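A short worksheet on the structure shown next.
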Amino acid sequence: METPRPVVSRRPFCCTLKCFVKFLRLVVTVTSMIFFIVGQAPEPYIVITGFEVTVIFCFLVLYTCGLDKIMRSFFWPLLVFGFLTVTCTIADCALMCQKLRFRPRQPYQKKSTNDIDDRE
């Protein structure tokens, strides 16, 4: 005699709390990227935030389409890519800290074409 399998109700991903949290994270990250652009922050801040928006959006598409169930081998390369991103971010932080140590009193200023013409 076979034991009956329990009925598992699978709700679509878009109706779960996990989707809501990921979507909320996407909204917060897009908002911070907009503030970086409007506030004319240094380019690395904008680029890293834009990269994070892209990754979050790709994960939302991946989970919504159910590709995480089909592509079992997808996550190991993505994990290695995540480690590479973290390594690049730490290297960028180290370079920025080194740059700030050599010029601690000078505020960050973007050079305009007018400043270059005045020196000549």
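No lab work stands behind these numbers, since they all come straight from the coordinates. Predicted model only: the values in this text are computed from it and were never measured. In this analysis, Cβ positions are derived from the backbone assuming ideal geometry, glycine residues included, and neighbour counts consider all displayed protein chains.
Would you calculate the separation in nanometres between label points at residue 34 and residue 18, each defined as 7 Å from the Cα along the Cα-to-beta-carbon direction?
About 2.9 nm separates the two model spin labels.
For region 13-70, what does the relative contact order come out to in percent, with C-alpha contacts under 8 Å and a separation of six or more? It would help to have the intermediate numbers written out before the result.
Values: 27 pairs, mean separation 24.4, N = 58.
That works out to 42 percent.
Going by how many other beta carbons lie within 10 Å of each one, how would you line up 51, 81, fewest first?
Values: 51 14, 81 11.
Ascending number of Cβ neighbours within 10 Å: 81, 51.
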